[in-house]
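One structure is given below, encoded as structure tokens.
The values are calculated or read from the model by the stated rules, or taken from the named source; none is laboratory data. Here the structure is a predicted model, which is why all the values come from computation and not from measurement.
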Amino acid sequence: MVADIERTESAQRTRYVSSPRHTIQVDYMPYTRDLARRIGADPSLTRALLQRRPLLFWALLSGPQVPYMFRLQGPHSWHGAEQAVLGTRRRIVTPLRTRHEVGDAPSALAADKLLLAPALELAVVVATVCVLLVPLLADYLFA
């Protein structure tokens, strides 16, 4: 534990300005990941894949780090955390869509199009990986 504290303090001294004000400053993402790992609440990409949840996998991989992603598993897990993680993009983009044409009423269809974007991104990534890996595997298997 002492070695961990010394390593953390050394990293802080090299990263931040040496002043009384910056003695406890940390980076949010590594800090929360470390805490989640220590209590067993770090979200598992492997688990999302094994449970056949490709949209959750893609949201965890490419989406922002939101607090409720640490409620997917571990102590005090929340059954609504998966839907909250999957709805992150919609909740970010929907308030920004404030411009409407005259005579147009805001529709749910526009928000549904936003939900299709992650699925299309995932399909592109999977297709790209397949295109790159199939020739390599064929060379390896039939060589």
> Which condition breaks for residue 91 when tested against (1) of a type in the set (D, E, K, R); (2) under 30 Å from residue 127 (Cα atoms); (3) outside any helix (DSSP H, G or I)?
Replying inline: (3)
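Taking into account only those residues within the stretch 94-117 that are at pLDDT 70 or above and assigned to a helix (DSSP H, G or I), which is nearest to residue 57 (Cα to Cα)?
Per the stated criteria, the residue is 94.
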> If you scan the stretch 1-40, which residues turn out to be under 25 Å from residue 69 (Cα atoms), assigned to a loop (DSSP other than H, G, I, E, B) and of a type in the set (Val, Ile, Thr)?
Replying inline: 24, 26
